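This report concerns only the one structure given below.
The values are calculated or read from the model by the stated rules, or taken from the named source; none is laboratory data. Note that the structure is predicted; figures quoted are calculated from it, not measured. Methodologically, a virtual Cβ is constructed for each residue, glycine included, from the backbone with ideal geometry; neighbour enumeration extends over all protein chains shown. When the accessible area is computed, the model is the full protein with side chains, heavy atoms only, and any ligands, DNA or RNA have been set aside. Shrake-Rupley method; radii C 1.70, N 1.55, O 1.52, S 1.80 Å.
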Amino acid sequence: MTTIELHNLTRRYGRRIGVQGVNLTVPQGLVYGFLGPNGAGKSTTIRVLMGFLRPTEGQAQMFGRDSWRDGPRVRADVGYLPGDLRLYPWLTGSEALRLVSRVRRRNLVGAGSELAARFNLDLNVRVRSMSRGMRQKLGLILALAHDPPLLILDEPTASLDPIMQEQLYEHLREAAARGRTVFFSSHTLSEVQRLCDRLAIVREGRIVADDTLENLRSRAKREVIIRWRDAAPVHNNPPQFLDVHERTDRQWSASLNGSVSALVQWLADKPIDDLTIGQPDLESLFRRYYQQPSPESPR
């Protein structure tokens, strides 16, 4: 079952483009990362998806329903954390839970209290007295308490300390294991690597990659260090699949553009003293997506 579908989605703000021609499909039960730097169009996409902004062109759907026309109906099944979270300053955490319970027409106090214990948040504190991290925890609790089939989280770990980040990751993995779908934006590649099944990379309002983490890793280069037993012979010119970016007589540092087995076979009869092959470098792959020529701006 498909939870989210974006078809040629475009949103403009006057002459400025927020997102352009975005196509995206998010199946049920995945933790799906939406990765890109600040200003890339992540929050605009999410606001259109939530039905808070009307598409200039194209369509956004959740659960097979149009996000704009059927906004109230589809939002009932979504847990949403905005990137610019704002809460009534005079409410305590408990009062906020009771308010959201009335909006959703179900008692969320018990589930919210369990989440508060998990995230170490005192629900008796008023929002005006909370730190940024505490407010972020409360926003997450309000989004998670009704155990929705779809979670849409915009930069959810902002202001959370590493321990609370791990608690959130664990909760989101548990939700996905129960068949819930998690769609969250981030500008941090390491976070996406640790959590996501699949991710889309957005740049200047356009999707530049959409694939599983496993496939992206297969395309990422490995860093290789070759230490020669003696001075490297002149005839030891590197093969095409090895991009040597630093060399001395006794050591080469390179990026591997082919398979590990091809490298080992090439080195089999060479006088090497040691060989180091690193893990696939997703960070370098990610940077390449942002160093390629900018997509043509629409006229």
Original post:
Which of the residues that make up region 44-76 are part of a loop (DSSP other than H, G, I, E, B), open to solvent by 20 Å² or more (accessible area, probe 1.4 Å) and under 14 Å from V26 (Cβ atoms)?
Top reply: F63, G64
Original post:
Across region 1-41, what is the total count of residues that are without any contact (Cβ under 8 Å) to a residue 12 or more places away in the chain and either open to solvent by less than 40 Å² (accessible area, probe 1.4 Å) or on the phi > 0 side of the Ramachandran plot (or both)?
Top reply: 2
**OP:** Quick one: which residue in L168, L172, L160, L138 is buried (at least 16 other Cβ atoms within 10 Å of the Cβ) and not in a helix (DSSP H, G or I)?
**Re:** L160
**OP:** Determine whether R102 is under 25 Å from V74 (Cα atoms) and without any contact (Cβ under 8 Å) to a residue 12 or more places away in the chain.
**Re:** yes
**OP:** With the condition kept exactly as written, say whether any residue in region 42-53 is more than 20 Å from V182 (Cβ to Cβ), without any contact (Cβ under 8 Å) to a residue 60 or more places away in the chain and not small (G, A, S).
**Re:** yes
Original post:
Among the residues of region 204-220 satisfying the criterion of being open to solvent by 20 Å² or more (accessible area, probe 1.4 Å) and either of a type in the set (S, T, N, Q) or outside any strand (DSSP E or B) (or both), which is nearest to G18 (Cα to Cα)?
Top reply: E204
Original post:
Could we say that P233 is within 28 Å of A40 (Cβ to Cβ) and either open to solvent by 90 Å² or more (accessible area, probe 1.4 Å) or at pLDDT below 90 (or both) here?
Top reply: no
**OP:** Have a look at S67, S113, S101 and point out the one that is in contact with a Leu (Cβ under 6 Å, 6 or more places away or on another chain) and closer than 24 Å to L168 by Cα.
**Re:** S101
**OP:** Hey, could you check region 240-294 for residues that are of a type in the set (G, A, S) and at pLDDT below 75 and say which is farthest from Q20 (Cα to Cα)?
**Re:** S284
Subject >> Verdict on L242 being over 30 Å from V48 (Cα atoms) and open to solvent by less than 20 Å² (accessible area, probe 1.4 Å) >> reply: yes
Original post:
Out of region 255-282, which residues are within 30 Å of C196 (Cβ to Cβ) and aliphatic (A, V, I, L, M)?
Top reply: L256, V260, A262, L263, I277, L282
